[in-house]
Amino acid sequence: MSDFIRPEVKVWFERNQELLFAVFLLILGLIGIGRGVFLGATLSLAVGGTLFLIALPLIRRSAMRLKLTRGQAAGIVLIDERRIGFLGPDGGGFLESDHLHGVDLRISDGVATWTLIGEEGQSLMVPVKAKGGEALYDRFTSLPGFSLSTALDLIEANAEGSHRIWRNPDLKAGSAALLSGDNP
């Protein structure tokens with residue numbers, strides 16, 4: 001029976017399952033709202049409205065994730081508890097996410113790379129399209145004031161250069177020099 005579904009179709013469904021589930025919730029919500037409005041079913045209207053409101057941010061998040069992970073780059077991202085790691089053919093390393101002081105996005109020759117800056121100025125460079133990179137988005141969205149939509153806009157526009165996406169709002173004055181690149 002598993003041979004009935006073509007492998008590329010199976011991969012497509014696996015890659016898009018989160019978005020498909022969100023769209024399914026949206027459709028159920030719209031059906032519930034429609035039933036509630038036209039048939040006067042208050043419970044149906046309430047459930048449909050709730051499903052609709054739950055589906056909207058899920059669709060947005062899923063669509064962003066799909067846009068950012070289209071294609072693959074060399075290397076793999078590892079997230080373990082509060083540690084962010086990257087293992088690639090040209091290097092890698094680990095940073096404690098609790099000690100993260102900044103996140104930059106560097107785009108050069110159409111290749112986007114996250115630069116994660118630690119508390120002592122150490123940096124970890126992670127290609128945006130590295131395998132497992134979607135786990136970074138969940139970690140980034142937990143940072144206060146981090147804007148994933150800004151990063152997505154820069155990647156889609158292929159805006160060459162280095163862009164500060166996030167800076168720890170609790171930085172001490174001495175640490176600001178590390179983040180600005182003024183350190184020796």
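The values are calculated or read from the model by the stated rules, or taken from the named source; none is laboratory data. All figures in this text were calculated on a predicted structure; none of them were measured in a lab. Every residue, glycine as well, gets a Cβ built from its backbone with ideal geometry; the counts of neighbours run over all protein chains shown. Each accessible area value is taken on the protein alone, full model and side chains, heavy atoms only, with ligands, DNA and RNA left out. Shrake-Rupley method; radii C 1.70, N 1.55, O 1.52, S 1.80 Å.
Relative to the compact-globule estimate of 2.2 N^0.38 Å, the Cα radius of gyration of segment 74-134 comes out at 1.04. In a reduced charge model with +1 at each Lys and Arg Cβ and -1 at each Asp and Glu Cβ, the chain shows a dipole moment near 660 debye about its Cα centre. Once the 1.4 Å probe is applied to the protein heavy atoms, segment 1-44 comes out at 83 Å² accessible per residue. Between residue 24 and residue 134, take the C-beta separation as r, use R0 = 22 Å, and let me know the FRET efficiency to the nearest 0.05. So the FRET efficiency works out to roughly 0.60. Across segment 100-175, the fraction of Cα-Cα pairs farther apart than 16 Å, rounded to a whole number, is 48%. Element breakdown for the chain at a 1.4 angstrom probe: carbon and sulfur atoms account for 60% of the accessible area. For the chain, modelled as a GNM whose springs connect Cα atoms under 10 angstrom apart, the maximal fluctuation among 107, 33, 59 occurs at 33. At a probe radius of 1.4 angstrom, the accessible area of segment 45-159 per residue rounds to 50 square angstrom.
Each Cα pair under 8 Å and six or more residues apart adds its separation to the average, and for the chain the resulting relative contact order is 17 percent.
Just checking the listed ones, 19, 56, 152: in the Gaussian network model of the chain with Cα springs under 10 Å, the one fluctuating most is 56.
Under a 5 Å amide H cut-off, with hydrogens placed 1.01 Å from N, residue 130 pairs with 73 among residues at least 5 apart or on other chains. The base-10 log of I(q)/I(0) for segment 11-61, evaluated at q = 0.14, 0.17, 0.29 Å⁻¹, reads -0.37, -0.49, -0.93 [Debye formula, identical scatterers on Cα atoms, solvent excluded].
Three principal axis extents describe the C-alpha atoms of the chain; from largest down they are 71, 45, 33 Å. Please compute, over every Cα-Cα pair in segment 1-93, the percentage with a separation greater than 18 angstrom. Tail fraction, whole percent: 66.
Scan the chain and note any complete DSSP helix (H) whose C-alpha atoms cover at least 15 Å along its axis and whose Kyte-Doolittle average is 0.0 or more. Sorted by number, the helices that extend far enough and score high enough are 7-39, 42-68.
Shown is the FRET efficiency for residue 56 and residue 90, computed with R0 = 30 Å from the Cβ-Cβ distance and rounded to the nearest 0.05: 0.15. Basic side chains Lys and Arg get +1 at the Cβ, acidic Asp and Glu get -1 at the Cβ, and with that the dipole of segment 1-87 about its Cα centre reaches some 260 debye.
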